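The values are calculated or read from the model by the stated rules, or taken from the named source; none is laboratory data. Just so we're clear, the structure is a prediction, and the values are computed from it rather than from any experiment. Quick reminder, even Gly has a Cβ in these numbers, built from the backbone with ideal geometry, and neighbours come from all protein chains shown.
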């Protein structure tokens, strides 16, 4: 099993998550190759059994260079992908109140935007996860390693167990 993992980490949070994901998957004898989106052209993506895309949030959506990268991806219809993104943690406003669900939804549109871009190409989403980041440069939320491990467990089940049924 081979996974190609593409991230767009600017301050190292996404790269840290990618490295942890690779470590966990290597314990399961799954090869993960990590690429920064700036270092590879989307037309040159190597073949794999699964593709994982990861982006930081920028005003509630993936940065323009990530959207351009995803638009340029040229993979066969039906290709499986997963998303493992980072986003700014929701915090109380100046009044001490947490924002309403509608407000939070406006600030956390990364997964739907990325899914739509890749689904238009006929790719098949199998799993998503989002890890919160406090402040622009981090730190990552407490327990992020467990979220990455749970995500890896889900992928492992979807790729191996479910495919054998």
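For the stretch 49-65, name all the residues that are in a loop (DSSP other than H, G, I, E, B) and out of contact with any helix residue (DSSP H, G or I) (no Cβ under 9 Å at 6 or more places or on another chain).
Passing the criteria: only 63.
For residues in the stretch 127-138 being surrounded by 15 or more Cβ atoms within 10 Å (Cβ to Cβ) and touching a helix residue (DSSP H, G or I) at 6+ places or on another chain (Cβ under 6 Å), which is farthest from residue 87 (Cα to Cα)?
Ranking the qualifying residues of the stretch 127-138, first place goes to 127.
Would you say residue 3 is at pLDDT 95 or above, touching a strand residue (DSSP E or B) at 6+ places or on another chain (Cβ under 6 Å) and crowded, with 17+ Cβ neighbours inside 10 Å?
In short, yes.
Considering only the stretch 30-45, I want to know if a residue exists there that is in a loop (DSSP other than H, G, I, E, B), free of Cβ contacts under 8 Å to residues at least 60 places away in the same chain and touching a strand residue (DSSP E or B) at 6+ places or on another chain (Cβ under 7 Å).
Yes, the stretch 30-45 contains a residue that is in a loop (DSSP other than H, G, I, E, B), free of Cβ contacts under 8 Å to residues at least 60 places away in the same chain and touching a strand residue (DSSP E or B) at 6+ places or on another chain (Cβ under 7 Å).
Applying the selection to the stretch 122-144, what residues are within 14 Å of the chain's Cα centre (by Cα) and closer than 20 Å to residue 22 by Cβ?
Within the stretch 122-144, 126, 127, 128, 129, 130, 131, 133, 144 qualify.
Any residue at all in the stretch 144-154 that's modelled with pLDDT under 90, touching a strand residue (DSSP E or B) at 6+ places or on another chain (Cβ under 7 Å) and buried (at least 17 other Cβ atoms within 10 Å of the Cβ)?
No; the residues of the stretch 144-154 include none that is modelled with pLDDT under 90, touching a strand residue (DSSP E or B) at 6+ places or on another chain (Cβ under 7 Å) and buried (at least 17 other Cβ atoms within 10 Å of the Cβ).
Which condition breaks for residue 19 when tested against (1) part of a loop (DSSP other than H, G, I, E, B); (2) at pLDDT 95 or above?
The number of the failed condition is (1).
When the residues of the stretch 99-126 are filtered to those that are assigned to a helix (DSSP H, G or I) and in contact (Cβ under 8 Å) with a residue 60 or more places away in the chain, which remaining residue is surrounded by the most Cβ atoms within 10 Å (Cβ to Cβ)?
114
Which condition number does residue 69 fail, the rest of (1) on the phi > 0 side of the Ramachandran plot; (2) surrounded by 12 or more Cβ atoms within 10 Å (Cβ to Cβ); (3) at pLDDT 95 or above being met?
Here residue 69 meets the rest and fails (1).
Residue-by-condition table, conditions (1) part of a loop (DSSP other than H, G, I, E, B); (2) under 25 Å from residue 143 (Cβ atoms):
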residue: 67; (1), (2): no, no
residue: 70; (1), (2): no, no
residue: 76; (1), (2): yes, no
residue: 84; (1), (2): no, yes
residue: 90; (1), (2): yes, yes
residue: 94; (1), (2): yes, no
residue: 97; (1), (2): yes, yes
